[in-house]
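Data block below; observations after.
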Amino acid sequence: MSKAVSALNGASFEGFVKVEETGLRGMITVRGDLDGAEMSAAVKAATGAQMPAQRKVVSGDKGVVAWMSPDELLVVVDYAEVLETVATLTTALASSHALVANVSDARAVYHVSGEGSRDVLAKLAPVDFGKDAFGAGDIRRSRFAQVPAAVWGNEDGSFEVICFRSVAQYVFDLLKVSAARGGEVGFH
């Protein structure tokens with residue numbers, strides 16, 4: 001059996017801000033009735049988190065849950081725990097019309113940190129990254145240049161960017177170029 005590796009093997013760049021590929025992360029797509037009691041109980045059992053509100057990310061003691069669409073969540077856990085978490089969710093949702101899929105190896109995640117993080121991201125995505133419009137726990141699905149991505153704000157002012165593994169190098173290069181040149185857009 002081969003050893004799992006992240007898309008860019010922990011690549012990082014430091015310029016105007018710091019951009020780091022976070023390495024292997026357990027990621028699970030869960031689709032179903034997000035208003036249902038079974039879904040809330042399954043999410044709580046798997047992550048310790050409550051159901052997130054629309055366009056929000058919440059943390060529990062075993063993972064993070066991100067609202068992705070009216071019938072879709074992204075559950076983020078330690079890579080070593082992903083199969084156990086998939087089993088927990090699948091069992092808890094067995095009597096519901098739901099989908100639980102391990103997408104860990106199909107995604108790449110970047111951590112963007114530093115005072116100019118909002119400016120770096122604003123140059124790439126048509127999202128209002130102003131502090132009053134986008135704060136900790138907020139998530140948006142959008143496009144970074146020409147590819148789909150999701151971004152959420154952390155409590156410490158940093159951001160997580162998730163994209164498909166197939167475009168990992170492209171998104172990293174976009175973030176690097178944006179981080180290398182500075183060029184504030186006014187979101188400090």
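With the requirement that a residue be under 19 Å from Asp78 (Cβ atoms), outside any loop (DSSP other than H, G, I, E, B) and small (Gly, Ala, Ser), what does the range 1-26 give you?
The one that is under 19 Å from Asp78 (Cβ atoms), outside any loop (DSSP other than H, G, I, E, B) and small (Gly, Ala, Ser): Gly26.
Sort through Ala66, Ala45 and tell me the only one that's in contact (Cβ under 8 Å) with a residue 24 or more places away in the chain, small (Gly, Ala, Ser) and crowded, with 22+ Cβ neighbours inside 10 Å. Outline the logic, then answer.
Numbers: Ala45 fails: crowded, with 22+ Cβ neighbours inside 10 Å.
So the residue among Ala66, Ala45 that is in contact (Cβ under 8 Å) with a residue 24 or more places away in the chain, small (Gly, Ala, Ser) and crowded, with 22+ Cβ neighbours inside 10 Å is Ala66.
Of these, Ala94, Ala108, which one is hydrophobic (A, V, I, L, M, F, W, C), surrounded by fewer than 14 Cβ atoms within 10 Å (Cβ to Cβ) and at negative phi?
Only one candidate passes the filter, namely Ala94.
Would you check which residues across the range 151-167 are buried (at least 20 other Cβ atoms within 10 Å of the Cβ) and either over 13 Å from Thr22 (Cβ atoms) or small (Gly, Ala, Ser) (or both) and list them?
Going residue by residue through the range 151-167, those that are buried (at least 20 other Cβ atoms within 10 Å of the Cβ) are 151-153, 159-163.
Within the range 151-167, Val151, Gly153 qualify.
Rule-based calculations on the coordinates, nothing more; no lab input. Note that this is a predicted model, so its numbers are computed, not measured. Because the Cβ atoms are built from the backbone with ideal geometry, glycine has one as well, and the counts that use them run over all protein chains shown.
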